[in-house]
1. With a/c under 1.5 counting as rounded, go ahead and sort segment 69-119 into rounded, prolate or oblate using the C-alpha gyration tensor (a ≥ b ≥ c being the square roots of the eigenvalues; past the cut-off, prolate if a/b is larger than b/c, else oblate).
2. Taking amide H atoms as placed 1.01 Å from N in the peptide plane, list the residues 5 or more away in sequence, or in a different chain, whose amide H sits under 5 Å from that of Val132.
3. What pairs in Lys3/Lys141; Lys34/Lys159; Lys3/Lys165; Lys16/Lys141 have C-alpha atoms more than 28 Å from each other?
4. From zero outward in steps of 10 Å, how is the percent of C-alpha pairs of segment 1-54 spread across the bins?
Amino acid sequence: GTKEQPYLLSTSENLKDLSDAVASGETFSGKYFKFTSDITLPDNWTPIGSLKEGEKFTPSLNKSGFNPFSGYIDGDNHLLTVPKGSKTMLGAVSGGKLSNLNIYGEQIDGYGVVEYYYVDRSYDVKVEIDNVTLKSGTHTKMSGFIGGYASGVDNVIIKNSKIEKGVIIGN
C-alpha cells in the first residue's frame, strides 16, 4: 500500500486481517491503508497492534512485549463503529498515523482512538492523529484520544480533531 495506491479497507474482515497480520509481527511501517466505507468492528475485537500474549502494559515494557502498528490509515471521512464493551480500532502504535475518521462507540472499553503508543527511537513521532472525531453519544472508559506514558521526549501529535458535544470521557 502506497500513498497513491493504498490497501483498501471495506469491511470488518479487512480490519481483522490487518490486526492478525500485525499480531504475527508485521508492523506495516510506511504502508498506507484507506477506508472505502463505514465499518463496524466485530464483537470480541482485538485492536490492531497489541501486547503479546500474557504481557501487561508498563512504561518500562520492552519491544519484545509488543506487536505495534506503524502504518498510516486514512478513514476517508467514514464512520468506525465500536461495539458496546469493545476496544477501539488501534492498540499499540509506534510511528503510525490515523486521519480523517469519525468514531462512535456507545461504550468503548478503553481509550477512544489509540490504546497506547510504544516508544521506539526509530520514529520521531510516535502517533499522529489528524482530523479524527469522537461522535456524539460515544462513551470511553478512559481518556478520549490516547493512552500511554509520556517521558517528555516522545512526540504525539493530535491536530484538527475534536470531541463532539454529548461524548462522555471516563467512568
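Every number here is computed from the coordinates shown, using simple stated rules; none is lab data. Just so it is clear, the model here is predicted, and its values are computed rather than measured.
1. On the way: a/c = 3.11, a/b = 1.23, b/c = 2.53.
Judged from the Cα gyration tensor, segment 69-119 comes out oblate (a/c at least 1.5, b/c at or above a/b).
2. Asn100, Leu101, Ser161, Lys162
3. Numbers: Lys3/Lys141 34 Å; Lys34/Lys159 19 Å; Lys3/Lys165 33 Å; Lys16/Lys141 23 Å.
Violating the 28 Å limit, Cα to Cα: Lys3/Lys141; Lys3/Lys165.
4. With 10 Å bins starting at 0, P(r) equals 24, 51, 24, 2.
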